[in-house]
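Here is the structure we will look at, set down as structure tokens.
The values are calculated or read from the model by the stated rules, or taken from the named source; none is laboratory data. The structure presented is a predicted model; accordingly, all values stated were derived computationally and were not measured. Cβ placement follows ideal geometry from the backbone for every residue including glycine, while neighbour counts extend to all protein chains displayed.
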Amino acid sequence: MKKYLALPLFLFSAFAYAHGPVRQDTDETITINAPAEKVWGIIQNYGDMSWLPPVKSTEVKSGNEKGATRVLTLKDGGTITEELKKYDAAKMSYSYKITDMSTAKTITHAGAEEKVPVVPVGNYSATITVEAQGAATAVHWKAGYYRAYTNNNPPEEMNEATANAAIKGIFTSGLNNLKALAEK
């Protein structure tokens, strides 16, 4: 009888410790002391990411139309390709997803060569929204994604903590810079 109880406990403990990536979320909001129209004017062009500090240049195809693509070239030389999923000028909002990224470096993990993307995430999608709040503006940027490493036991370069820190860092630097630009 004891061996029949041991098997379920073993299986439960094995599943409890061995899991693949879990969907992560980053959700940041900043209040900007400027009219919403001014703030939206800075970010409304899907192909203009000059307000985001890590971005050196942007190449866009199809402007603000659903399905438009933009390739962000980062200051460190990496690239990120994104697709516009939804654009609503009246609601001052758009949604996009990452479709491709260049490799930042290659590491050896668990006996295999692994490519670490320039942003250590996978299946990333995000929405940015500008909302008037009287004379001020709230900018809300949220994203859902997975860590870049899809197998169990990720290396530090591609685990959830690293993915979350990277996205939070991008959002924070972007929103703080947007605030500085709009409040000039």
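The C-beta contact set for region 54-69 (first residue closer than 20 Å to N176 by Cα and touching a residue at least 40 places away in the same chain (Cβ under 8 Å), second residue surrounded by 15 or more Cβ atoms within 10 Å (Cβ to Cβ) and of a type in the set (A, V, I, L, M, F, W, C), distance under 9 angstrom, 6+ apart or interchain) comprises P54/L72; P54/L74; P54/I170. Per the conditions (1) in a strand (DSSP E or B); (2) in contact with a Pro (Cβ under 8 Å, 6 or more places away or on another chain); (3) closer than 20 Å to N45 by Cα, the sole criterion not satisfied by E114 is (3).
Here H140 passes the criteria (1) touching a residue at least 40 places away in the same chain (Cβ under 8 Å); (2) under 23 Å from R23 (Cβ atoms); (3) touching a Phe, Trp or Tyr at 6+ places or on another chain (Cβ under 9 Å) except the one numbered (3).
Looking at A163, A136, A148, can you tell me which residue is under 29 Å from N33 (Cβ atoms) and not β-branched (V, I, T)?
Values: A163 fails: under 29 Å from N33 (Cβ atoms); A148 fails: under 29 Å from N33 (Cβ atoms).
Residue meeting the stated conditions: A136.
Do we find that S173 is assigned to a strand (DSSP E or B) and among the hydroxyl-bearing types (S, T, Y) in this structure? Steps first, please.
Numbers: assigned to a strand (DSSP E or B): no; among the hydroxyl-bearing types (S, T, Y): yes.
The answer is no for S173.
I'd like to know if region 6-24 contains one or more residues that are at pLDDT 95 or above and either part of a helix (DSSP H, G or I) or surrounded by 12 or more Cβ atoms within 10 Å (Cβ to Cβ) (or both). Yes, region 6-24 contains a residue that is at pLDDT 95 or above and either part of a helix (DSSP H, G or I) or surrounded by 12 or more Cβ atoms within 10 Å (Cβ to Cβ) (or both).
Return the total of residues in region 170-184 being out of contact with any helix residue (DSSP H, G or I) (no Cβ under 8 Å at 6 or more places or on another chain) and touching a residue at least 24 places away in the same chain (Cβ under 8 Å).
As a first pass, look at region 170-184 and keep what is out of contact with any helix residue (DSSP H, G or I) (no Cβ under 8 Å at 6 or more places or on another chain): 170-177, 179-180, 183-184.
Filter once more, keeping what is touching a residue at least 24 places away in the same chain (Cβ under 8 Å): 170-177, 179, 183.
Summing the residues that are out of contact with any helix residue (DSSP H, G or I) (no Cβ under 8 Å at 6 or more places or on another chain) and touching a residue at least 24 places away in the same chain (Cβ under 8 Å) in region 170-184 gives 10.
I'd like the residue in region 70-80 that is free of Cβ contacts under 8 Å to residues at least 40 places away in the same chain, closer than 11 Å to V118 by Cβ and surrounded by 12 or more Cβ atoms within 10 Å (Cβ to Cβ) and, out of all such residues, is nearest to the chain's Cα centre (by Cα). Checking each candidate, the answer is I80. A count restricted to region 28-83 and to residues that are farther than 28 Å from T103 by Cβ and assigned to a strand (DSSP E or B) stands at 4.
Give me a count of the residues in region 143-169 that are aliphatic (A, V, I, L, M), in contact (Cβ under 8 Å) with a residue 40 or more places away in the chain and either buried (at least 21 other Cβ atoms within 10 Å of the Cβ) or over 30 Å from H109 (Cβ atoms) (or both). Outline the logic, then answer.
Taking region 143-169 first, the residues aliphatic (A, V, I, L, M) are 143, 148, 158, 161, 163, 165-167.
Filter once more, keeping what is in contact (Cβ under 8 Å) with a residue 40 or more places away in the chain: 143, 158, 163, 166-167.
Still in the list and also either buried (at least 21 other Cβ atoms within 10 Å of the Cβ) or over 30 Å from H109 (Cβ atoms) (or both): 143, 158, 163, 167.
Residues flagged as aliphatic (A, V, I, L, M), in contact (Cβ under 8 Å) with a residue 40 or more places away in the chain and either buried (at least 21 other Cβ atoms within 10 Å of the Cβ) or over 30 Å from H109 (Cβ atoms) (or both) within region 143-169 amount to 4.
Rundown of residues vs (1) of a type in the set (A, V, I, L, M); (2) not in a strand (DSSP E or B), yes/no style:
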residue	(1), (2)
A126	yes, no
T137	no, no
W141	no, no
G144	no, no
Y149	no, yes
